[in-house]
Amino acid sequence: MKKRLLIILIGLVVIMAGCGAKSANSGDDKVVIYSNGDEEAIAAMEKSLKDAGYEGKYIIQSLGTSELGGKLMAEGEQIEADLVTMSSYFLESAEEQHSMFKDLTFETKTIDKYPAFYTPILANTGAVFFNTEMMKQKGVDIPKSIKDLASPEYKGMVSIPNIMDSSTGWMLIQAIISEYGEEEGKKVMAGIVENAGPHLESSGSGSIKKVQAGEVAVGFGLRHQAVEVKQSGAPIDFIDPVEGNFSNTESLAVINKKDKKTELAMDMAKVIVEDARAELINYYPVPLYEGETVDEENKAANNKVFKEPLTVELLEKHQAFFNSSK
């Protein structure tokens, strides 16, 4: 009797183990997508994949830019993901270090030229914005430049994204260094950091939220968010600073796993580029592909590009510049 019971129990364990293994491996055939995109970007990508019949054939995971960048640089082609959407400069640095991406097999009609292994899905542009009611209440002048944010009259009234956490903060640093150089730029940066005090934000959208809420009067952040909030009727306005509107692109790349999922990941990449852009450009109104247009208010007046290629190494250099300004 005991032997029979033992046999039954062993059989049950084997069956359960088999079921568990099957459950654990149930996602093995699904394309794994890692993305540093925010909620709107991920929703647009998922909708395009669902509409194209790929529902249930992929898993998408959202990661912060620093976290995903660290995984790309450390793991190379051994990363779990089959497809990634990520800040372009991280993709370029990861490719240089690991040669980990497969050249795209579909045609892209981008306005600018990009490497064969990635293509942009969205772009963010920086600008200065302010709460018009608070400006009147505080009796301060409307800023015309990023440098103005270092003026003592804005003490405790400024919010900016922290370059240590946010790629939006990098656009601020690029503008300062491009216009003023590193020596004078450190003085400008130090004044802005002092005026910001505790309002160094970990996300690109943190500044506009605080300015809209009236916690601070002035901020630097994503231009399209300021346009959107202004159009909603909130007391928000914005300027294209004299230092320039610098941009960061987020792009899509396929990991060259050389397995059966690589081809499927490439098909999904094509769908995202071709079908999700119509929605993505509404949230991030920067033309990237031939034939795309945006409203006049969404056209930055002073677009500029940093003199050096954007790389992880340059980011680290600019982070050191930021930290030395504190």
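Quick note: the coordinates plus some simple rules give every number you see, no bench work behind them. For clarity, every value in this text was computed on a predicted model and none was experimentally measured. Don't worry about glycine lacking a Cβ; one is built from the backbone with ideal geometry, like all the others, and counts go over all protein chains shown.
Overview of values
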| item | result |
| --- | --- |
| Nearest-20 debye value, the range 135-233 charge dipole, Cβ charges on Lys, Arg, Asp, Glu | 340 debye |
| Equivalent-ellipsoid semi-axes of the range 156-196, from the Cα gyration tensor, Å, largest first | 16, 14, 7 |
| Convex hull volume per residue in cubic angstrom - Cα atoms of the range 147-217 | 74 Å³ |
| Entries of Lys210/Lys270; Lys147/Lys317; Lys47/Lys260; Lys187/Lys210; Lys257/Lys307; Lys210/Lys326 with Cα pairs more than 27 Å apart | Lys210/Lys270; Lys257/Lys307 |
| Extension gain (nm, one decimal) between Ala278 and Lys307, 0.36 nm per residue minus Cα-Cα | 7.4 nm |
| Using θ = phi - 60° and Karplus 6.51 cos²θ - 1.76 cosθ + 1.60, couplings along the range 221-238 (whole Hz; Gly, Pro as x) | x, 7, 4, 5, 5, 5, 4, 4, 5, 4, 5, 6, x, 5, x, 10, 9, 8 |
| Among Met189, Gly69, Gly139 the positive-end extreme of the charge dipole of the chain (Cβ point charges) | Gly69 |
| P(r) tail fraction, the range 83-155 - alpha-carbon pairs more than 21 Å apart, % | 52 percent |
| Nearest-ten-degree value, helix 88-98 long axis tilted from longest Cα axis of the chain | 50 degrees |
| The range 231-326: translational diffusion in µm²/s, Stokes-Einstein, Kirkwood Rh over Cα pairs, 37 °C, 0.692 mPa s | 190 µm²/s |
| Of His199, His224, His98, the one that fluctuates the most in a GNM where the chain has Cα springs shorter than 10 Å | His98 |
| The range 45-135, Rg to Rh (Cα coordinates; Rh as Kirkwood inverse mean 1/r) | 1.06 |
| Per principal axis, descending, Cα span of the range 198-285 in whole Å | 53, 28, 26 |
| Alpha carbon Rg of the range 68-192, scaled by the compact-globule rule 2.2 N^0.38 Å | 1.41 |
| Amide H contacts of Ser87 (H built 1.01 Å from N, under 5 Å, at least 5 apart or other chain) | Ser251 |
| Dipole magnitude (debye, nearest 20) for the chain, charges at Cβ of Lys, Arg, Asp, Glu | 1260 debye |
| Cα Rg over Rh - the range 209-255, Kirkwood | 1.10 |
| Antiparallel content of DSSP bridges confined to the chain, in %, to 5 | 65 percent |
| Fraction in percent of alpha-carbon pairs per bin - 10 Å, the chain | 6, 24, 29, 20, 11, 5, 3, 2, 0, 0 |
| Tyr289 long-range amide H proximity, modeled H, under 5 Å | Ile111 |
| Per-peptide average of other Cβ atoms within 10 Å, ordering 176-184, 280-288, 105-113 highest first | 280-288, 176-184, 105-113 |
